[in-house]
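The values are calculated or read from the model by the stated rules, or taken from the named source; none is laboratory data. Since the model is a prediction, treat every value here as computed from it, not as a measurement. Note: ideal-geometry Cβ built from the backbone for every residue, glycine included; neighbour counts use all protein chains shown. Just the protein is used for accessible areas: all its heavy atoms, side chains included, with ligands, DNA and RNA removed. Shrake-Rupley method; radii C 1.70, N 1.55, O 1.52, S 1.80 Å.
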Amino acid sequence: MDDLSFFGWQRKGGALEGAANAGRLRAKVTLEARAVETGAAQTAGVEFEFHGPRDVVSFLPGAITNVSPASGAQSAEETMCAFVELGAPDLPWRYTPVPKTGDAWRPWIVLVVGPTHQVTLQPGGRVAIALDVLKKHELAKSARWAHVQQTNPPAPMQTSRLLSPFDLQPNTDYLAVVVPAFTADGAAAWTGGEPEVVLPAYHSWRFRTGDAGDFKDLALRLRTRNADDPLVAQVGRGDLEYPLPVAANVVTVRSALVPPSAVPASGVDPDGPAPADVAAANAALRLPATDAQGRHVVQLPRYGEAWVADPLQPATGWGAMLNGEPRHRVASGLGLWCGVAKQDLIADAARERAAGVFVAAQRIRALTAGLAAGGSLWARRLPATPEDRVSLFGPALARVAATAAPGGGATVLSAITDPDNGRTNGRPLPPALLSSAARRLLRPGTARARQARPGALAPGAILAAANACDRLAPVRRPAEARDGGKSQRGLPHADFLGADLGRGDGRNVFGVPDAGALGKALANAGVDAALLRAVPPARWPELLRAVIAPSGRRPDDATLAALRERAADNARDSGLRQLQEALGQADREAPRPSRCRPVDFARLDAALQDAFRPDRKGVAARRVLDTITGLDPAEPFAPPEICPDLDLPAWRFLRDEGRKWLLLGREGIQPDDVIALGTNPRFINAFLTGLNTQALGEMRWRNIPVRSRCTPLRRFWERVTPATSAASSTPTTDIVGIHKWSASQPLGHPDHAPDPTQARQLVLVFRTDLFRRYPRTLVYLTPAAKAVGKPDWMKDATFAPNTAPVFTGEIDEDLVFFGFPVPPEALVDLWVVVEEAPPGYRFDVGKLNASGAGDGGKAAKDAFALPTRVLFRGDQFLGAAP
């Protein structure tokens, strides 16, 4: 309460003293007027009145900000005052028609509460109040029923409140109403002698009280039962009678919650193995999975075979325990039965998780159908020869990347035509021949194709002809080296040839643009040196004109025969000798490799088919598969399957279908008992194995594509990992996937839990009405103060750090449990705290009526009810405390 202050009244903008006058408070003010020039003064008294109750017709919206108990409440605390909170702090005293008396000032409105048969609403916004209720609301004491509450810094805030002094009774319906405390002429609205009064009703609501007692009463009734109590030893335990004619047919079974000693940390079974005759009878019921002819044999469920090949091996593993021990088969059978009973819920949850899988499967089916249809058309309609197929792909080759081409990043078209303009890897194919325009020009049936020879316009034939390199194969030219204006080791300069032939300076002597064309023309035309030596100089112009003709054709045979008529002895000067010697030298040198590289159509066709085939993993397949995640990379076209993680707490299934198996012997827990138990990992393992066995079968029966060895239901408790806020808390699981359980580990092994340290957890069980009436009650653990390394229970708890429960639930209406992330034995040095959640501000009606304060502020401070906190020594639950 250090942050709260209470005041008896507040009034703004009005006189604090005055006289009542016909229902209004009258005040007098003396005014003085003074002349500016002369300073003469004149005084006069001015009387005025404040508004009173008779001037109020109704409340504006927002005048009432809160009511307690809440409107329509069904279990209100009968020990607390009903009250209303007002938006304006001065509203309860704003229209009071009487002056204050000392520190007290009576409010002009009061809150009246009474049974619904004694306080009844009337037409016209009025209420009738019976005599018995009026007697409980003595207006002479109304000053203590209203107060102003102020929250202290750092955030000061004020609110006013009207309390009702009516002492509520348990399990009763009430009507609460705000009425004026004064009549129109300023008299008290009632004196307590009237059989009934009818007043304006400014605000009203209904509520019902609950059972007798409040939080403190219920919390103080709680009592601990330690582990040495015979009652606790029998909780969580039951006897299973096996149908045998002999006497040794009783097997001890355990529920989901058991005393800490029933599942010790060592994992030793305190109940020991089942009787030998029971074990033998159970083994006799297990038949081979198939008969001699290989037919399946209907028999008892073989729990675990959905995850391991032979759950009965090894004999000490969890599979053998499930199938060989009747008590564990009971838990698995309960899980299987819950799977049957909740099949629709499980299937709907799985189908919701698998919604994307159905969409993905439809896409893959459409993709595979399209690829199959495309592959069929491809096989039937594709041209027969590689040249025809390359011609068919031609228009698209400019958009297909050829990463293996020189320089990388080039297109296939540039790689097979002439990517570097003939500098190193010239190709004979012109790019235009592979264009869509060429396809249109060569299309049969047009006017251009009517006169063509049959087959002459076949694209493959034209492509093969254009791929020849004969007309472009050059020979190596002699290298040219200049020295002092004369040519050495190369062709002679045109000036020397011109001088030798008597043609001046040699320019245009052969009818060509320049003499440099001579060597290029001779080399490109493939004229051999022997022919040149046999040609007389007089016939050289004719030879050169034939060689360098614009058409690029070679000299015809007649011309070449005429050129050979003269022998090489006609060479008469140094220029011709240099030409003959140079040509002879060129003839003796090895020719360079040809720059022309024809396209290997067979190899190109294979690469293009791999890129264009519609039934290969091409662009279309990648575009579809890239929209789907989680596919098997080895078999992306296989129907997708999922392993849904169903967020369904299985303990609720067990509560609905076999409630007693949550806590066997719970009938022995008495009202107001609090006992410490622990989770039973063996029961949880067995139950979830049976539940998942049925869930997998049900999903496959309903054609839900569930993955093999999946464990879709891995939550037993409604476990939540605490976070900074409730919105960010995340659900956790109780087991890992069953396929991850080692076959040699026993049932309930810590490694079967995601966190082995959390396999066994403390559970506190309460049988009380406290949580039904106060569902927001806090239960947590806090460490005890230590002295010489041991808990000192005589010192106050530290309340830091606190351990909150990670799961909770209700077995019966008055039997609730709270699970904590610590083992049961950790209670030895912890307090168990049961704390009333902050319920807002409350005022004890008994303390209010007993208060001798005259003003509302002091009375509110006397009646203010603090939240209750009850602590229990943790070691008392374990039997270690006296």
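Kindly indicate the residue of the stretch 68-103 that is small (Gly, Ala, Ser) and buried (at least 20 other Cβ atoms within 10 Å of the Cβ) and also nearest to Gly210 (Cα to Cα) among those meeting that condition. Across the stretch 68-103, the extreme among qualifying residues is Ala76.
Could we say that Arg351 is in a helix (DSSP H, G or I) and more than 30 Å from Tyr242 (Cβ to Cβ) here? Yes: the conditions hold for Arg351. Cβ-Cβ distances below 6 Å connect the following pairs, each with a first residue in the stretch 226-244 that is surrounded by 13 or more Cβ atoms within 10 Å (Cβ to Cβ), a second residue that is of a type in the set (Ser, Thr, Tyr), and a separation of six or more residues or different chains: Gly236/Ser255. Close contacts from the stretch 607-623, counting a first residue that is within 12 Å of Ile364 (Cα to Cα) and open to solvent by 60 Å² or more (accessible area, probe 1.4 Å) and a second that is at pLDDT 80 or above and assigned to a helix (DSSP H, G or I), with Cβ to Cβ under 9 Å and a gap of 6+ residues or different chains, come to Ala620/Leu367; Ala620/Gly370; Ala620/Leu371; Ala620/Gly374. Can you find even one residue in the stretch 117-138 that is touching a residue at least 60 places away in the same chain (Cβ under 8 Å), within 21 Å of Tyr841 (Cα to Cα) and either of a type in the set (Lys, Arg) or open to solvent by less than 20 Å² (accessible area, probe 1.4 Å) (or both)? Checking the stretch 117-138: not a single residue is touching a residue at least 60 places away in the same chain (Cβ under 8 Å), within 21 Å of Tyr841 (Cα to Cα) and either of a type in the set (Lys, Arg) or open to solvent by less than 20 Å² (accessible area, probe 1.4 Å) (or both). I need a count of the residues in the stretch 212-225 that are in contact with a helix residue (DSSP H, G or I) (Cβ under 7 Å, 6 or more places away or on another chain) and open to solvent by 70 Å² or more (accessible area, probe 1.4 Å). So the answer is 0.
In this structure, is Thr209 under 26 Å from Glu835 (Cβ atoms), in contact with a helix residue (DSSP H, G or I) (Cβ under 9 Å, 6 or more places away or on another chain), polar (S, T, N, Q) and buried (at least 16 other Cβ atoms within 10 Å of the Cβ)? In short, no.
Within the stretch 677-695, the presence of a residue that is open to solvent by 40 Å² or more (accessible area, probe 1.4 Å), outside any helix (DSSP H, G or I) and either touching a helix residue (DSSP H, G or I) at 6+ places or on another chain (Cβ under 6 Å) or in contact (Cβ under 8 Å) with a residue 40 or more places away in the chain (or both) is excluded. Number of residues in the stretch 804-832 that are open to solvent by less than 40 Å² (accessible area, probe 1.4 Å) and part of a strand (DSSP E or B) equals 13.
The set of residues from the stretch 45-54 being modelled with pLDDT of 85 or more and either open to solvent by less than 60 Å² (accessible area, probe 1.4 Å) or within 60 Å of the chain's Cα centre (by Cα) (or both) comprises Gly52, Pro53. Among the residues making up the stretch 628-640, a single one is in contact with an Asp or Glu (Cβ under 9 Å, 6 or more places away or on another chain) and surrounded by 13 or more Cβ atoms within 10 Å (Cβ to Cβ): Pro640.
Within the stretch 843-854, the only residue that satisfies the criterion of being buried (at least 22 other Cβ atoms within 10 Å of the Cβ) and not in a helix (DSSP H, G or I) is Phe843. Take the residues in the stretch 642-676 that are among the acidic types (Asp, Glu), outside any loop (DSSP other than H, G, I, E, B) and touching a residue at least 40 places away in the same chain (Cβ under 8 Å), then tell me which one is farthest from Gly748 (Cα to Cα). Checking each candidate, the answer is Asp673. Contact map, the stretch 364-383: first residue farther than 27 Å from Pro640 by Cα and at pLDDT 85 or above, second residue among the basic types (Lys, Arg) and in a helix (DSSP H, G or I), Cβ cut-off under 6 Å, separation 6 or more or different chains; pairs are Pro383/Arg389. Screening Pro180 against (1) open to solvent by 50 Å² or more (accessible area, probe 1.4 Å); (2) over 50 Å from the mean Cα position of the chain (by Cα) leaves a single unmet condition, (1).
Flag not set for Ser261, criterion: over 22 Å from Thr768 (Cβ atoms), open to solvent by less than 30 Å² (accessible area, probe 1.4 Å) and among the polar types (S, T, N, Q).
Only a single criterion out of (1) in contact with a strand residue (DSSP E or B) (Cβ under 9 Å, 6 or more places away or on another chain); (2) not in a strand (DSSP E or B) is not satisfied by Leu781, namely (2). Checked against (1) at pLDDT 90 or above; (2) surrounded by fewer than 15 Cβ atoms within 10 Å (Cβ to Cβ), Gly333 meets all criteria but (2).
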